[in-house]
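Reviewing the structure listed below.
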């Protein structure tokens, strides 16, 4: 079981390889599931279009592998496996997108800048390395754990693993990591701004506040930066330069 | 060599992982270190991270390749062309936009891998899924390498001549945008996360 789990886990890292508009993650999913499949019919079933968040794919893979082992070639069971796989993939993706992309990814970037800025300020060596390492660690520890635990639970418990996942306090994790990201973003922006090494502290404070207040009106950050560029052109034409 | 490093890191954006190795806060300092300018790389990496962090890869959505944007920007600023950071920032974002278009084009055609595997099964042969995965990875890396190298050579050659000829007001505006980018992006993102939490 553990050898199968390790093999599927490593292959699950390639889930999105060959992502296409038509089949989405089908190629990667079929390759990751392949060690657990015995029949050509089962292999053909899992080359159909499939999409989920990559970090919850372990749970879907494990559950599907367990159900395929029990299906034993009966057509009714096989169609049930496909229906469950599709439903689980879609429903898990919503919460996982909000947790990993919407919360942990900004948290990782903010932590990386914060740690690098603190190390630089205190005079510790390798500030950039440790900042990057901290950012990668805060994201990958839960991401890899979600893949591994989901896969092993799915293989061991089948559908029971989906019930277990449904009881996890994911919304609380999302709220807390978003809050931590906000605090770290403010702290990192403040630390780098106060150092005056990139821009004056006043300029940094005005830009951060403008970003906060104008994000609702102007939209995404690229538009905000374009507006800043236009303001910079206007200011330079009036005699002010940075 | 730099294009190969950026291509390898770009695979993490969607093909392998993702483990965030492809994010600008990693790509910027790494490419900057390889070119002997780690702080410049980190600065550009953070600026591009700030403007692309809200781009979420949901449902295969892709508007800009942050990896290519950061890699090309740092290569242009810290490499042989030594462009000003503001010129490199704009050129990097343009390269990231072009790479996203190439990626979307490739996504429309990658179904061929699944079709080949299905055809093998229909003929009673073992589908060579590992080979299909490898060829998809190789095609992706090659496409990124071509876009990155072409963007570097084209933008570097053109901007090296044109940038100093631009009016000072335009260059100053671009400088203002790049310097403000990390704080504008951080402020906007903090407000968005605060509202959601």
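The values are calculated or read from the model by the stated rules, or taken from the named source; none is laboratory data. Values in this document were obtained by computation on a predicted structure and should not be read as measured data. Reconstructed Cβ throughout: ideal geometry from the backbone, glycine too, with neighbour counts over all protein chains shown.
Tabulated values for the structure
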| quantity | calculated |
| --- | --- |
| Members of region A:1-23 found to be buried (at least 24 other Cβ atoms within 10 Å of the Cβ) and not in a loop (DSSP other than H, G, I, E, B), listed by number | A:8, A:12 |
| Within region B:115-133, considering residues that are more than 9 Å from every other protein chain (Cβ to nearest Cβ) and in a helix (DSSP H, G or I), the one nearest to the chain's Cα centre (by Cα) | B:131 |
| Residue A:169 closer than 22 Å to residue A:100 by Cβ and not assigned by TED's automatic domain parsing to the domain that holds residue A:91 | no |
| Filter pass, residue A:77 being assigned by TED's automatic domain parsing to the domain that holds residue A:163 and over 24 Å from residue B:130 (Cα atoms) | yes |
| The lone exception for residue A:174 - which of (1) within 9 Å of another protein chain (Cβ to nearest Cβ); (2) farther than 28 Å from residue B:174 by Cα; (3) free of Cβ contacts under 8 Å to residues at least 24 places away in the same chain it fails | (3) |
| Single unsatisfied condition, residue A:164 versus (1) at pLDDT below 95; (2) surrounded by fewer than 21 Cβ atoms within 10 Å (Cβ to Cβ); (3) in the same structural domain as residue A:6 (by TED's automatic domain parsing) | (1) |
| Any hit, region B:65-80, residues being modelled with pLDDT of 95 or more and surrounded by fewer than 21 Cβ atoms within 10 Å (Cβ to Cβ) | yes |
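Yes or no, residue by residue, for (1) without any contact (Cβ under 8 Å) to a residue 40 or more places away in the chain; (2) part of a helix (DSSP H, G or I); (3) away from every other protein chain (no Cβ under 13 Å); (4) crowded, with 19+ Cβ neighbours inside 10 Å:
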{"residue": "A:178", "(1), (2), (3), (4)": "no, yes, no, yes"}
{"residue": "A:197", "(1), (2), (3), (4)": "yes, no, no, no"}
{"residue": "A:205", "(1), (2), (3), (4)": "yes, yes, no, no"}
{"residue": "A:208", "(1), (2), (3), (4)": "yes, yes, no, yes"}
{"residue": "A:216", "(1), (2), (3), (4)": "yes, yes, no, no"}
